[in-house]
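The values are calculated or read from the model by the stated rules, or taken from the named source; none is laboratory data. As the structure is a prediction and not an experimental result, all values here were calculated from the model. For neighbour counting, all protein chains shown are included, and Cβ atoms are generated from backbone atoms with ideal geometry for every residue, glycine included. Ligands, DNA and RNA are stripped out before the accessible areas are found, and what is left, the full protein with its side chains, is counted by its heavy atoms. Shrake-Rupley method; radii C 1.70, N 1.55, O 1.52, S 1.80 Å.
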Amino acid sequence: MTVHYHRIAALAAPWLLCTMLAACTPAPVTAGSARAPAPSEDATAAKGAVASGQYPDLFAEAGYGREETEAKVEAAFQQLFHGNGTDQAVYYEAGSNAHGPLAYIHDVNSDDVRSEGMSYGMMIAVQLDRKAEFDAIWNWAMTHMYQDDPAHPAHGYFAWSVGTDGVANDEMPAPDGEEYFITALYFAAQRWGDGEGLHDYSAQATRLLTDVLHRERITGTTARGEMTAVNLFDREAKMVRFTPDVANAAHTDASYHLPAFYEIWARVGPEADRDFWRQAAQVSRDYFATASHPRTALTPDYGNFDGSPWAAPWRPESADFRYDAWRSAMNWSVDWSWWARDPRQIELSNRLQAFFEAQGMDSYQSLYTLDGKPLGGGRTTGLIATNAVASLAADDPRRLAFVRALWEHPVPTGQHRYYDGMLYMMALLHCSGDFRAWLPEGADG
């Protein structure tokens, strides 16, 4: 299995736009169409896990005991964070500075450190009450990835890719990293309380969240020449951008849409922005309904704000279902599990799982055109993991087959253990009911 990871855009030279890919994808539909009806008041009255306090344990539903599940989760964490560094671990300790120990999550295959993986590592750590690992990752991210120069186009953001020596490969951000950093920090504030400086988690989260929405346009010098960048959310579309680089800022990525997190920000973020985040959550729900294929429920890696696929000039295959897009179903399914605001998400997960079941549970590929033509990639742990999380929203009996497939799959090792491993670890937490929204008393409504 060869994984070609997804954010090569900022480093690659432009290619010719592939119109053939756009031609084989469905025309966009609007949320609220006959295919994707808007949720009714009765349907949205259902109580999600945040309000009820009852997070589904899909492993228990599939017949696995609680002690067995807890042991499986712990073993996976120990292997990925504290296993041998040759072919098991992705978490590497890297000395210390004035703020304490440092550690990074290594994309072994690409030999870099990504804001995506660092923020995933922090989220995993806070869910498992692992403060030492959380603080070490956060310290490394702020030391080597955060841009504090107010004249730099990436000011207030994290470089999406840096070397293990801390030197940036690309200084510009990929917004899903910021989204996970912010939410993990708010959860840390609730689990462990705020400290000082880097450990004043809620203040750090609020500062980042304010820049995500309100940071002004900056033109300045980068290692790739002069660039201009804006905020990470388009305030008119109420949608996360693919990148703040103005040349490509009017596009998005379905897997960056995290309505479950926006609902968190609407409760604990800056009060003046809370209504925006409530609206952004619903916009993302509508986006999933629009961007997903009417038969397969597959979403493209990159998209336009109207829900149509975007074949980026430097990466025309981004109009297909590829590595980024694996996470779309995880995102809409967690949103349904936590908040139960949009029953269309049930149908989306049912449709997606029906497609993969028809492809063969032991043989489905990891790359497809949106209408379901296999593009290879083999059977990959990351997609097995996200397809299992889709069971949080699905209500067809087949859902438990996807949960069992995750259970039976080993913890990733070897060259591709980073992306597969991070998705696997988060899927274990989601499917065990141990991935929770940590909120102050009274903020769950």
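What net charge do the residues around Trp338 carry, taking every other residue with its C-beta under 12 Å from that of Trp338, with Lys and Arg at +1 and Asp and Glu at -1? Numbers along the way, then the final one.
Numbers: positive: Lys47, Arg267, Arg341, Arg436; negative: Glu263, Asp335, Asp342, Asp444.
Every neighbour counted, the sum reads 0.
Does a label point 7 Å from the Cα of Asp165, set along Cα-to-beta-carbon, have any residues of region 90-106 with amide nitrogen under 20 Å, and which are they?
What the label zone holds, given the 20 Å backbone N cut-off, is 92-97, 102-106.
Over the chain, with the other protein chains present, what is the accessible area per residue in square angstrom, probe 1.4 angstrom?
With all protein chains present, the chain gives 35 Å² per residue.
Considering Cα pairs under 8 angstrom that are at least six residues apart, work out the relative contact order of the chain and quote it in whole percent.
Reported relative contact order: 21 percent.
Out of Pro175, Pro259, Pro397, any idea which swings most in a Gaussian network model of the chain, alpha carbons joined below 10 Å?
Looking only at Pro175, Pro259, Pro397, the largest GNM fluctuation is found for Pro397.
Go ahead and estimate [θ] at 222 nm for the chain from helices alone: -39,500 (n - 2.57) per DSSP H run with n ≥ 4, summed, over the residue count, rounded to 500.
Rounded to the nearest 500, it is -12500 deg cm²/dmol.
Under the rule a/c < 1.5 gives rounded, and otherwise a/b versus b/c splits prolate from oblate, where does region 76-142 land using the Cα gyration tensor? Provide the component values of the computation, followed by the final result.
Working: a/c = 1.44, a/b = 1.20, b/c = 1.20.
It is rounded, given that a/c, with a ≥ b ≥ c, falls under 1.5.
Rounded to whole Å, give me the distance from the Cα center of region 163-204 to that of region 366-445.
Spelled out, the Cα-based centre of one part sits 23 Å from the other.
Pairs of alpha-carbon atoms within less than 8 angstrom and 6+ residues apart define the contacts here; what relative contact order does region 91-192 have, in percent?
27 percent
With a ≥ b ≥ c the root eigenvalues of the C-alpha gyration tensor of region 215-334, is it rounded (a/c under 1.5), prolate (a/b larger than b/c) or oblate? Display every interim value, and only then the final one.
Working: a/c = 2.21, a/b = 1.06, b/c = 2.09.
Cα axes put region 215-334 in the oblate bin.
Just to confirm my numbers, what's the Cα centroid distance between region 247-263 and region 273-319 in Å?
The two parts, judged by their Cα centres, are 8 Å apart.
With all protein chains present, how much of the accessible area of the chain (probe radius 1.4 Å) comes from carbon and sulfur, to the nearest whole percent?
Working: 7820 of 15710 Å².
Reported share for carbon and sulfur atoms: 50 percent.
Would region 282-391 count as rounded, prolate or oblate if I go by the C-alpha gyration tensor, calling it rounded below 1.5 in a/c and otherwise prolate when a/b exceeds b/c, oblate otherwise?
Since a/c reaches 1.5 but b/c is at least a/b, the shape of region 282-391 is classed as oblate.
Between [x] 53, 52, 45; [y] 126, 54, 38; [z] 67, 48, 42, which matches Cα extents along the principal axes in Å calculated for the structure shown?
[x]
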